[in-house]
Amino acid sequence: MERRWWMLLMIIMCLSFVGSSARGLEIMHKVHSPLYNHTLATILVEYASAVYISDLTDLFTWTCSRCDGLTKGFEVVEIIVDVQNCLQAFVGVADDLDAIVIAFRGTQETSIQNWIEDLFWKQLDFDYPGCTDGKVHHGFFNAYNNTVVRSGILDGVSRAREIYGDLKIMVTGHSMGGAMAAFCGLDLELIYGSENVQVMTFGQPRIGNAAFASYYISVVPNTFRVTHEHDMVPHLPPYYQFFPQKTYHHFPREVWVYNLGLGFLIYEVEKICDDSGEDPDCSR
Ligand SMILES: *[C@@H]1O[C@H](CO)[C@@H](O)[C@H](O)[C@H]1NC(C)=O
Ligand SMILES: *[C@@H]1O[C@H](CO)[C@@H](O)[C@H](O)[C@H]1NC(C)=O
């Protein structure tokens with residue numbers, strides 16, 4: 001009899017230990033997985049849309065046709081234009097988000113598709129501290145890192161911080177602009193440290209291999225890649241059936257949005273995909 005009680009006590013102790021470590025894991029998971037905020041996505045997609053405006057005066061004074069609605073009152077600090085490489089970005093301060101917002105313009109859907117396929121095979125070793133065997137898309141990385149864009153962004157961010165203080169930074173962009181936003185977010189995270197940088201991209205193509213993808217999410221955990229069913233760019237095949245060593249991988253935290261309306265503005269419900277970055281039920 002006594003023995004049975006003893007056994008029961010052991011079982012209860014074991015169960016409560018399992019329970020508490022499961023809770024521990026859950027908490028750890030939460031720390032590493034920030035929640036997707038759809039309200040924020042609807043705001044950031046408007047910034048990602050406004051950066052396509054080519055009238056720079058309207059953009060700078062935030063009076064352009066897309067400079068309204070959820071982004072009203074945005075203060076532009078810096079506009080970066082690289083005419084030769086057809087790149088455009090801005091840095092500014094959104095009072096209601098209490099954040100510096102950086103947005104990158106993409107290219108036309110049709111041209112980016114050709115462009116990705118052309119440049120797909122040219123990979124760059126990504127030898128940032130802590131990243132082993134990482135390879136990234138040479139063209140996207142260079143567009144951010146080795147043009148006027150990087151210095152313009154860093155300059156804009158430090159000026160914004162001088163004026164407005166130590167605000168958090170939100171980086172966004174659509175299509176190729178999303179790829180540049182991703183590289184920018186990583187760069188800023190390494191410069192300014194964690195909890196400060198959030199990345200949310202729309203219709204972003206793959207930018208690096210699996211080693212790069214897992215490195216990325218460990219450095220910039222607050223990263224979301226929003227995709228919708230009509231967007232070609234993120235669906236471009238990962239090519240692993242042909243050349244496993246050349247395979248690119250999405251980084252985790254994908255959100256798939258259904259039933260979109262005009263352009264790439266979000267209207268409908270979203271599905272949060274698994275954390276693998278390549279959830280077969282999502283954008284693939
Ligand atoms: C989502 O983002 C909006 C806009 O930044 C913010 O007002 C709201 O508090 C956020 N919601 C959560 C649950 O964090
Ligand atoms: C990225 O740009 C910085 C200077 O802005 C440069 O020092 C570094 O070498 C560049 N990285 C690559 C891989 O080209």
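The values are calculated or read from the model by the stated rules, or taken from the named source; none is laboratory data. None of these values were measured; they are calculated from a predicted model. Quick reminder, even Gly has a Cβ in these numbers, built from the backbone with ideal geometry, and neighbours come from all protein chains shown. The protein model used for the area step is the full one, side chains on, heavy atoms only, and it has no ligands, DNA or RNA in it. Shrake-Rupley method; radii C 1.70, N 1.55, O 1.52, S 1.80 Å.
Residues in region 161-191 that are out of contact with any strand residue (DSSP E or B) (no Cβ under 7 Å at 6 or more places or on another chain) and either under 20 Å from Asp95 (Cα atoms) or free of Cβ contacts under 8 Å to residues at least 40 places away in the same chain (or both): Arg161, Glu162, Ile163, Gly165, Asp166, Ile191.
If I filter region 60-67 for residues that are farther than 19 Å from Tyr164 by Cβ, at pLDDT 95 or above and exposed (fewer than 14 other Cβ atoms within 10 Å of the Cβ), do I get at least one hit? Yes, region 60-67 has at least one match. Can you confirm whether region 99-108 contains a residue that is away from ligand 2 (no atom under 16 Å from the Cβ), surrounded by 16 or more Cβ atoms within 10 Å (Cβ to Cβ) and at pLDDT below 90? Yes.
Filter region 35-71 down to residues that are charged (D, E, K, R) and within 14 Å of ligand 1 (Cβ to nearest atom), then give me how many there are. Walk me through it before giving the result.
Restricting attention to region 35-71, the residues satisfying the condition of being charged (D, E, K, R) are 46, 55, 58, 66, 68.
Keeping just the survivors that are within 14 Å of ligand 1 (Cβ to nearest atom) gives 46.
So the count comes out to 1.
Among the aliphatic types (A, V, I, L, M), at pLDDT below 50 and over 30 Å from Asn146 (Cα atoms): is that true of Leu25 in this structure?
Details: among the aliphatic types (A, V, I, L, M): yes; at pLDDT below 50: yes; over 30 Å from Asn146 (Cα atoms): yes.
It is true that Leu25 is among the aliphatic types (A, V, I, L, M), at pLDDT below 50 and over 30 Å from Asn146 (Cα atoms).
Cβ-Cβ contacts under 8 Å between residues 6 or more apart (or on different chains), taken from a first residue in region 131-160 that is more than 23 Å from Val77 (Cβ to Cβ) to a second residue that is of a type in the set (D, E, K, R) and open to solvent by 10 Å² or more (accessible area, probe 1.4 Å), are listed as Gly134/Asp125; Gly134/Asp127; Lys135/Asp125; His137/Lys122; His137/Arg206; His138/Lys122; Gly139/Lys122.
Apart from one condition, Ala41 fits all of (1) in a loop (DSSP other than H, G, I, E, B); (2) at pLDDT below 90; (3) within 23 Å of Asn222 (Cα to Cα); the exception is (1). Filtering region 192-214 to residues that are touching a residue at least 40 places away in the same chain (Cβ under 8 Å) and either on the phi > 0 side of the Ramachandran plot or among the basic types (Lys, Arg) (or both) leaves Gly203, Arg206.
Of the set (1) on the phi > 0 side of the Ramachandran plot; (2) surrounded by fewer than 16 Cβ atoms within 10 Å (Cβ to Cβ); (3) free of Cβ contacts under 8 Å to residues at least 60 places away in the same chain, all apply to Ser54 but (1).
Taking (1) out of contact with any Leu (no Cβ under 6 Å at 6 or more places or on another chain); (2) touching a residue at least 12 places away in the same chain (Cβ under 8 Å); (3) within 23 Å of Leu167 (Cα to Cα) in turn, Cys86 satisfies each apart from (3).
So, restricting to strands (runs of 3 or more DSSP E) that lie completely within region 120-217, which ones have at least 2 residues that are more than 13 Å from ligand 2 (Cβ to nearest atom) and out of contact with any Lys or Arg (no Cβ under 9 Å at 6 or more places or on another chain)? Give the derivation first.
Values: elements: 123-125, 135-137, 168-174, 197-202.
So the answer is 168-174.
Residues that are surrounded by fewer than 20 Cβ atoms within 10 Å (Cβ to Cβ) and within 25 Å of Leu44 (Cα to Cα) were ranked within region 109-140; the one that is modelled with the highest pLDDT is Gly139. The residues of region 147-176 that are crowded, with 23+ Cβ neighbours inside 10 Å and of a type in the set (S, T, N, Q), listed by number, are Thr172, Ser175.
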